[in-house]
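Contents: one structure, followed by commentary.
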Amino acid sequence: HRILPTATHKGNGFYGKTTGKKIRYRVIADCFIVDNKVIEEWIVRDESSILKQIGFTPKQFVEMKIKKMIFDKSNLNSISNAFDFKNPVENSFNKYTEIYISNLKKLILKDFNFIIKYYERSAQTLWPGGKIYYSYEQIKKIWSNFLNCFEDLELIIHFFSGITEPNLSPRVALRWTIKGKHMNKGFYGTPSQKKIEIAGISHVEFGKTGIIREYVIFDEISIWKQILL
């Protein structure tokens, strides 16, 4: 499920003092359903988009929480098992899941040139922070700028599903973790040399000649916790 809720930031809580601002952000929820009941659910929210709209960067927010002793090293314990599951779920494999998993493996190897070949000219990638990148030049740039912050990258695929239905674009859902070391200056500031785990979900739609739309979501609060704690 891809959700785009609109809400008003009312009441003091996790995001600090109320601002009264209306906010809009993306959420992806992977659900395991049996007999019309949700048995397990994995949710990733675009936290950086929420923070941006109420006046913080993810880094500023995490620094504030650390200063107030709300975030500490114990918060890191849940990151490694973010996508654990209790019930075995069978992957749904087809040629589209094969293509997208192959794409991610190339990205982990920092082979970014293939994007021009496998994404359509009019493709979109919807990225954390409420950002949208258009065409394969911008998509190549955002993936390379993101992954070039890290070295010794490892990709773990937790679950994938490919769907083809009449009169609809082929679609793929993927739940993944990227592991690496924060070794290079970039999106996440001065290299911390720390090991980082990034849990994310991708939903992808295919056009006639390649990927036409890609939804990528991961929690940047989690990344900054690992860097700053």
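Across region 1-94, Cα pairs under 8 Å and at least six residues apart give a relative contact order of 19 percent.
Free of any trypsin sites (Lys or Arg not before Pro) that DSSP assigns to a loop and that have at most 15 other C-beta atoms within 10 Å, the longest stretch within the chain is 111-184. Between LYS86 and THR164, the FRET efficiency from the beta-carbon distance, with R0 = 30 Å, is close to 0.55.
Multiplying the residue separation of ILE70 and LEU4 by 0.36 nm and removing their Cα-Cα distance gives an extension gain of 20.9 nm. Test of understanding: in a Gaussian network model of the chain with alpha carbons linked when under 10 Å, which of HIS182, HIS203, HIS158 would top the mean-square fluctuation ranking? With Cα springs under 10 Å in the chain, the top fluctuation among HIS182, HIS203, HIS158 is at HIS158. Shown in residue order for region 68-73 are the 3J(HN,Hα) couplings computed by the Karplus curve 6.51 cos²θ - 1.76 cosθ + 1.60 at θ = phi - 60°: 7, 6, 8, 9, 9, 4 Hz (x for Gly and Pro). In the chain, the DSSP-assigned H stretches of four residues or longer account for a calculated mean residue ellipticity at 222 nm of -7500 deg cm²/dmol, using -39500 (n - 2.57) per stretch and the full residue count as denominator. Taking only protein heavy atoms and a 1.4 Å probe, the accessible area of region 1-116 is 53% carbon and sulfur.
For Cα Rg over 2.2 N^0.38 Å, the candidate list reads (1) 1.14; (2) 1.24; (3) 1.03; the entry that matches the value derived from this model is (3). Using C-alpha pairs below 8 Å separated by at least 6 residues, the relative contact order for region 110-190 is 26 percent. Per residue, the chain exposes 54 Å² of solvent-accessible protein surface, assessed with a 1.4 angstrom probe and all protein chains in place. Assuming R0 = 41 Å, what is the FRET efficiency of PHE114 and GLU40, from their Cβ-Cβ distance, to the nearest 0.05? Here the calculated transfer efficiency is 0.75. The phi-based Karplus calculation (6.51 cos²θ - 1.76 cosθ + 1.60; θ = phi - 60°) puts the 3J(HN,Hα) values of region 47-56 at 4, 5, 5, 4, 4, 4, 6, 9, x, 10 Hz, whole numbers, x for Gly and Pro. Potential lengthening of the chain between PHE187 and LYS21 amounts to 57.1 nm, from the contour at 0.36 nm per residue minus the alpha-carbon distance.
Using a cutoff of 8 angstrom between alpha carbon atoms and counting only pairs six or more residues apart, the relative contact order for region 33-167 works out to 27 percent.
For the residue pairs LYS37/LYS59; LYS17/LYS179; LYS17/LYS59; LYS140/LYS208, the C-alpha atoms sit more than 28 angstrom apart in LYS37/LYS59; LYS17/LYS179.
Which of CYS149, PRO58, TYR119 sits farthest toward the positive end of the charge dipole of the chain, with +1 on the Cβ of Lys and Arg and -1 on the Cβ of Asp and Glu? It is PRO58. Computed from backbone phi, the HN-Hα couplings of region 27-42 come to 9, 10, 10, 8, 10, 9, 10, 10, 6, 6, 10, 6, 8, 9, 8, 10 Hz, rounded to whole numbers (Karplus: 6.51 cos²θ - 1.76 cosθ + 1.60, θ = phi - 60°; Gly and Pro given as x).
Region 207-226 and region 33-52 have their alpha-carbon centroids 15 Å apart.
The values are calculated or read from the model by the stated rules, or taken from the named source; none is laboratory data. Because the structure is a prediction, the values reported are computed rather than measured. Positions of Cβ are generated from backbone atoms using ideal geometry, with glycine treated the same way; all protein chains shown enter the neighbour counts. We work out accessible area using only protein heavy atoms, side chains counted, and drop any ligands, DNA or RNA first. Shrake-Rupley method; radii C 1.70, N 1.55, O 1.52, S 1.80 Å.
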